[in-house]
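Report on the following structure.
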Amino acid sequence: MEKGLSSTRAATKQASLEALLLYIELDKADPIIEDLLPGLSNKQPKIIAATLAALTAIYHAYGVKIVDPKPVLKSLPKVFTHADKNVRAEASNLAVELYRWLRDAMKPVFWNDLKPV
């Protein structure tokens, strides 16, 4: 995750993301999500942003019926308060993707944990 998803080479990023999507397609999504979530608490902002982008792509490809959104929703408020603007932008992209699937069902779980701007 740290080397592939946050690589400066576009081909490496794409190959890493395709490998994650293939793992989910062949097996279950829960172990992949569990392995990605520690990347959200990394020290380097580019790794956090890359992890958020990968999660966005996973939910875009498979939706919330195959990939459980609860663990990701619990960690989203923390990344919205990150100092790096790229991390906040990727968090917004992920929130929009999750909202596309969950609509109003995500508001009670997610909105209460956000700090007012």
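The values are calculated or read from the model by the stated rules, or taken from the named source; none is laboratory data. Note that the structure is predicted; figures quoted are calculated from it, not measured. As a convention, Cβ positions derive from the backbone with ideal geometry for all residues, glycine included, and neighbour counts pool all protein chains shown. Ligands, DNA and RNA are stripped out before the accessible areas are found, and what is left, the full protein with its side chains, is counted by its heavy atoms. Shrake-Rupley method; radii C 1.70, N 1.55, O 1.52, S 1.80 Å.
Table for the structure above
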item	result
Total lysine pairs under 28 Å (Cα atoms) in region 24-86, excluding pairs fewer than 8 apart on one chain	18
Cα gyration tensor shape of the chain, rounded if a/c is under 1.5, else prolate or oblate by comparing a/b with b/c	oblate
Segment K85-T8, length gained on full extension (0.36 nm per residue, minus Cα span)	25.9 nm
Cα gyration tensor shape for region 1-50, rounded if a/c is under 1.5, else prolate or oblate	oblate
Exposure ranking of V64, V96, V72 by accessible area [1.4 Å probe, largest first]	V96, V64, V72
Reach of K13 by Cα under 19 Å, taken over aspartates and glutamates that are not fewer than 8 positions away in the same chain	E2, E25, D35, E90
Estimated dipole of region 64-117 in Debye, rounded to 20 [Cβ of Lys and Arg +1, of Asp and Glu -1, Cα centre]	80
Helix-only mean residue ellipticity at 222 nm for the chain, each DSSP H run of n ≥ 4 adding -39500 (n - 2.57), per residue, nearest 500	-21500 deg cm²/dmol
Whole-percent carbon and sulfur share, accessible surface of the chain, 1.4 Å	55
Among L76, L94, L102, residue whose mean-square fluctuation peaks in a GNM of the chain (springs only between Cα atoms under 10 Å)	L102
At most 11 other Cβ within 10 Å, DSSP loop - trypsin sites (Lys or Arg not before Pro), region 1-39	K3, R9
Rounded to the nearest 20 debye, dipole of region 16-105 from Cβ charges on Lys, Arg, Asp, Glu	420
Candidates A57, A91, A83, ranked by Gaussian network fluctuation over the chain, Cα under 10 Å, top entry	A83
